Amino acid sequence: MPNSSNASPLSQTQSSAAAINLRIFSAVVLTFICYLSIGIPLAVLPGFIHGSLGYSSFIAGLGVSIQYAATLLTRPFAGRSVDSLGPKRAVQIGLLVCIASGIFLLLTALLHELPLLSLLMLALSRITLGFAESMIGTGAISWGIGQAGVIHTPRVIAWNGVATYSAIAIGAPVGVAMEQHWGLVSLGLFAIVPPVIGYLIAYAKTAVAVVSHGEALAFRHVLWRVLPMGFGLGLGTIGFGSIATFITLYYTSFTWAGAAYCLSAFGFTFVCVRLLLAHTIHRFGGFRVAMVSYPVEFAGLMMIWLAPSPIWALLGAALTGAGFSMIFPALAVEAMALVPSRNRGAAISAYSLFFDISLGITGPVAGLLIGQYGYPSVYLFAAMATLLALAIIIRSWRNYRPQPEFQPE
């Protein structure tokens, strides 16, 4: 009679898969916590700066966007910190800074009768939150890869993206509802809670060893190696930035209703494709996945550009979300394979820079196009950018030379 204590190969495989999924989830949940802190005040702050504090719309926009500038400027430091201190310590530092950001947000609300001082506290809150985003975002990905193994890199990055967008999608409406019922003070108090929980989770998690062997590259050299994939990411991100920033005004220009549904459709297909197709990167390679993704995004953006009715724009936004979904993780895997494992954090940070830069310049460039050619021209421009990205990635694929340690066995 067979020994019942001996598990079958199938059950062992399922148990192993469940353990890996748990390791990945325990890392990306820290990203979710960080972006929940970002999403909670996101939709409230422009109105608070303009309405409650009495500053101009320009200052209101600057007060929000200063966080993105801080994230961009601190990416190199975050990458070096992850590689030298290890992902655990880097994430813990990021979460502590995230707590400080919540405290500054609370002071912003309490000092609202002193507009200049309140605005200063808000600026500190946004700057510290940008730094925290760099540390936690880079550290959580490296931590997940370190625990699950390099072979699961695509899934770690894909799940991390799902955590990012779902946290913002949840946090923004929750923040609006809280501000309406209890004021900005409630947001400040609540913004402290998630990173405290995150710090306790990070403290309890097992650290991964800091890689000490291999060549330690300067950040500029890492940046140069990932440049083609970074350009591909940046050009592909223009479509996302144009929908997030201008779809409401695009709808208004045609007197259409329901622009918010476009954002929902984009987000829905984005998350579904990430969850369902993350395994395709390991199976077919990041370049092939990207080369399929760009044409899908191109088709979606062209549908928005030529849309004769809101339903066509909605379908275009959904198709754009499906196409854009896999570009970040697909190219991230190939970018990381170009540097020794000791520089993994720097590679993630250098690659992510192009996402930040793309979102930063899409608004001004699209604004110039709108002034000359109207709102639809933004989506034609974004569609052409995806074709240029596709050409860059095809050329990079032909000249690709990954590190031996990233070659699948």
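The values are calculated or read from the model by the stated rules, or taken from the named source; none is laboratory data. Model, not experiment: these values are computed from the prediction. With ideal geometry, Cβ positions are generated from the backbone for all residues, glycine too; neighbour counts draw on all protein chains shown. Quick note on the areas: whole protein, heavy atoms, side chains included, nothing else; ligands and nucleic acids left out. Shrake-Rupley method; radii C 1.70, N 1.55, O 1.52, S 1.80 Å.
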Completion exercise
Out of (1) at positive phi; (2) open to solvent by 50 Å² or more (accessible area, probe 1.4 Å); (3) not polar (S, T, N, Q), the one Gly183 does not meet is (2)
Problem - Residues satisfying the stated conditions in the range 255-264, i.e. open to solvent by 20 Å² or more (accessible area, probe 1.4 Å) and either more than 21 Å from Leu315 (Cβ to Cβ) or touching a residue at least 12 places away in the same chain (Cβ under 8 Å) (or both) - result: Trp256, Ala257, Gly258, Ala260, Tyr261, Leu263
Fill in the blank from the handout: Going through the range 55-92 in order, the residues found to be hydrophobic (A, V, I, L, M, F, W, C) and under 19 Å from the mean Cα position of the chain (by Cα) are Val64, Ile66, Ala69, Ala70, Leu72, Leu73, Phe77, Ala78, Val82, Ala90, Val91
Exercise for the section: Would you tally the residues in the range 386-401 being open to solvent by 90 Å² or more (accessible area, probe 1.4 Å), more than 11 Å from Met291 (Cβ to Cβ) and in contact with a helix residue (DSSP H, G or I) (Cβ under 9 Å, 6 or more places away or on another chain)? Expected result: 3
Exercise for the section: Just name the residue that is nearest to Leu72 (Cα to Cα) out of those in the range 213-254 that are among the charged types (D, E, K, R) and touching a residue at least 60 places away in the same chain (Cβ under 8 Å). Expected result: Arg225
Handout entry: When residues of the range 294-348 are limited to those that are more than 21 Å from Arg274 (Cα to Cα) and of a type in the set (Ser, Thr, Tyr), the one surrounded by the most Cβ atoms within 10 Å (Cβ to Cβ)
Key = Ser341
Practice task
Working carefully through the options Ala278, Ala207, find the one that is within 22 Å of the chain's Cα centre (by Cα) and either in contact (Cβ under 8 Å) with a residue 60 or more places away in the chain or within 24 Å of Ala350 (Cα to Cα) (or both).
Solution key: Ala278
Exercise for the section: Please find, among Pro173, Pro154, the residue that is of a type outside the set (D, E, K, R), under 30 Å from Leu22 (Cβ atoms) and open to solvent by 60 Å² or more (accessible area, probe 1.4 Å). Expected result: Pro173
Fill in the blank from the handout: Selection over the range 152-190 where residues are within 18 Å of Pro329 (Cα to Cα) and in contact with a Pro (Cβ under 6 Å, 6 or more places away or on another chain) yields a count of 3
Handout entry: Boolean, Leu73 is surrounded by fewer than 18 Cβ atoms within 10 Å (Cβ to Cβ) and within 21 Å of Ala347 (Cβ to Cβ)
Key = yes
Exercise for the section: Only one of these is free of Cβ contacts under 8 Å to residues at least 24 places away in the same chain, part of a helix (DSSP H, G or I), under 30 Å from Gly345 (Cβ atoms) and open to solvent by 30 Å² or more (accessible area, probe 1.4 Å): Leu96, Leu120, Leu124. Name it. Expected result: Leu124
Handout entry: So Ala177, is it touching a residue at least 12 places away in the same chain (Cβ under 8 Å) and among the small types (Gly, Ala, Ser)
Key = no
Completion exercise
When restricted to Ile24, Ile49, Ile38, the only residue more than 20 Å from the chain's Cα centre (by Cα), at pLDDT 85 or above, buried (at least 17 other Cβ atoms within 10 Å of the Cβ) and aliphatic (A, V, I, L, M) is Ile49
Fill in the blank from the handout: Just one listed residue, out of Pro364, Pro295, is assigned to a helix (DSSP H, G or I), over 29 Å from Lys88 (Cβ atoms) and touching a Leu at 6+ places or on another chain (Cβ under 8 Å), and it is Pro295
